[in-house]
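Here the structure comes first, spelled out in structure tokens, and everything after it is commentary.
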Amino acid sequence: MLRIAVQSKGRLYDETMELLGEAGIKLTAVKRTLLVPSRNFPVELLFLRDDDIPDSVATGTADIGIVGLNEVLEKRQKVEIIKELGFSKCRLSLAIPQKHQYQGVEWFNGKKIATSYPRILEDFLKKNNIQADIHVISGSVEIAPGIGLADAIFDIVSSGSTLVSNNLTEVETILSSEAVLIGNMRKLDDAKQQILEELLFRIEAVKTAENKKYVLMNVPRAKLNEVVTILPGIKSPTILPLADENWCSVHTVIEEKHFWEIIGKLKAAGAEGLLVLNIEKMIP
Ligand code: ATP
Ligand code: MG
């Protein structure tokens, strides 16, 4: 049984559960208790606060974990990043009140910076030879300058709307983060290693299918060559005959963004009855 530490609630929770669900892992209980086994795969989920996930993996309480890269780097536990998962993307940035002129990182000399990520900030300040006072707070960092608690903040930014509503401007981006799968490989026995490999294989299949679409269309035989040359990167699409000999059906897999680029050309070339389907998994 492989134990996976995941966030019990918060910004990582939904997409973590979605990924595991798409990888075919079903849980026994709908109601969340601390430790929930899967009923069809040899894993169990340990639900924790995200702050505790790196430590749980480093100490072996959990075998692997899913957590933000920002937490992994801040906590400095001995864990390895096994895989980047591509969700919960955000960045850690320095932001200052809009009223100030910013000309460079020297602005922070002698300033007080509020953050929940003191270690990552300390590294950055050291690297840039800045002497600043780090003030650690665990939440609502963005209100600190407004209430006179700090001159600036170092915090998670995604859209930037929280900064704007607090009259702050992002001036330095220090880290790009996303959810990552972490582990402590030395601690895994052969049986667990095998389960992990199967899990990684499944996650890979889910990730490969993301953003890809299965596209079917009817094409007049006379236009087949033209349509095939429009399809991006496909050497040999599947071509099936239709009851009407003058038509055939073309099936292919393309990236969704490419689909929008070529839809007009396909229609102009005579393709009809286009169907665009989601792909659940792809195994190369
Ligand atoms: P916990 O109660 O588990 O300690 P938390 O309040 O510390 O949760 P959340 O706000 O749920 O943390 O965020 C968890 C992680 O999600 C962050 O560490 C970060 O990696 C990522 N994250 C945070 N904010 C955003 C955002 N706005 N967009 C995308 N990802 C984000
Ligand atoms: Mg937390």
Under 10 Å, Cα contacts only: if you run a Gaussian network model on the chain, which one of Leu266, Leu73, Leu181 comes out with the highest mean-square fluctuation?
Leu266
Give me, ordered by chain and number, the residues 5 or more places off Phe87 or on other chains with an amide H under 5 Å from its own placed amide H.
Ala179
Fluctuation leader among Asn167, Asn184, Asn225 - the chain, Gaussian network, Cα springs under 10 angstrom
Asn225
So how strong a dipole does the chain carry about its Cα centre when Lys and Arg Cβ are +1 and Asp and Glu Cβ are -1, to the nearest 20 debye?
140 debye
Under 5 Å from the placed amide H of Gly68, counting only residues 5+ away or on other chains, we find Val180
Treating cross-link reach as a plain straight distance, find the lysines whose alpha-carbon is under 24 Å from the alpha-carbon of Lys126, omitting any fewer than eight places away in the same chain.
Lys75, Lys78, Lys111, Lys112
Considering only the chain, percent of DSSP beta bridges that pair antiparallel, nearest 5
75 percent
Extended-chain gain in nm, criterion 0.36 nm per residue less alpha-carbon gap, Ala222 and Val164:
15.2 nm
Report the full-extension gain for the segment Met1 to Phe47: residue separation times 0.36 nm, less the Cα-Cα distance, to one decimal in nm.
15.0 nm
Rounded to 10°, Cα long-axis angle of helix 118-127 versus longest principal axis of the chain
80 degrees
Ratio to report: Rg/Rh of the chain, with Cα atoms as the point set and Rh obtained by the Kirkwood method; give two decimals.
1.11
Rounded to the nearest percent, how much of the accessible area of the chain (1.4 Å probe, protein heavy atoms only) is carbon and sulfur?
49 percent
Two-site FRET efficiency, Thr229 against Leu34, from Cβ-Cβ distance with R₀ of 45 Å, rounded to 0.05:
0.20
Once you've got the Cα coordinates, tell me which of Lys207/Lys267; Lys223/Lys265; Lys212/Lys257; Lys213/Lys281; Lys83/Lys213; Lys9/Lys207 are over 19 Å apart.
Lys207/Lys267; Lys83/Lys213; Lys9/Lys207
Roughly speaking, what is the stretch gain from Thr238 to Lys89, that is 0.36 nm per residue apart minus the C-alpha to C-alpha distance, in nm to one decimal?
50.0 nm
Environment charge of Val215, counting only residues whose C-beta is closer than 15 Å and scoring Lys/Arg +1, Asp/Glu -1:
+1
Sparse-neighbour loop sites [trypsin sites (Lys or Arg not before Pro); the stretch 214-284; at most 15 other C-beta within 10 Å; DSSP]
Lys235, Lys281
Let me cross-check His135: its accessible surface, 1.4 Å probe, with only protein heavy atoms counted, in Å² to the nearest 10?
50 Å²
Between the stretch 28-72 and the stretch 113-185, what is the separation of their alpha carbon centroids in Å?
26 Å
Neighbourhood charge, 14 Å Cβ-Cβ cut-off, centred on Asp123 and excluding it, Lys, Arg +1 and Asp, Glu -1:
+2
Return the calculated 222 nm mean residue ellipticity for the chain, to the nearest 500 deg cm²/dmol, obtained by summing -39500 (n - 2.57) across DSSP H runs with n ≥ 4 and dividing by the residue count.
-8000 deg cm²/dmol
For the stretch 90-177, calculate the relative contact order in percent as a whole number, restricting contacts to Cα pairs under 8 Å that are 6 or more residues apart.
49 percent
Go ahead and collect, in residue order, the members of the stretch 216-249 whose backbone nitrogen is under 15 Å from a label point 7 Å along the Cα-Cβ direction of Leu275.
216-219, 238-243, 248-249
If you restrict to DSSP beta bridges whose two residues both lie in the stretch 90-177, what percentage is antiparallel, to the nearest 5?
65 percent
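The values are calculated or read from the model by the stated rules, or taken from the named source; none is laboratory data. All figures in this text were calculated on a predicted structure; none of them were measured in a lab. FYI the Cβ positions are ideal-geometry reconstructions off the backbone, even for glycines, and counts take in every protein chain you see. Note: accessible area is taken over every heavy atom of the protein model, side chains too, but ligands, DNA and RNA are not part of it. Shrake-Rupley method; radii C 1.70, N 1.55, O 1.52, S 1.80 Å.
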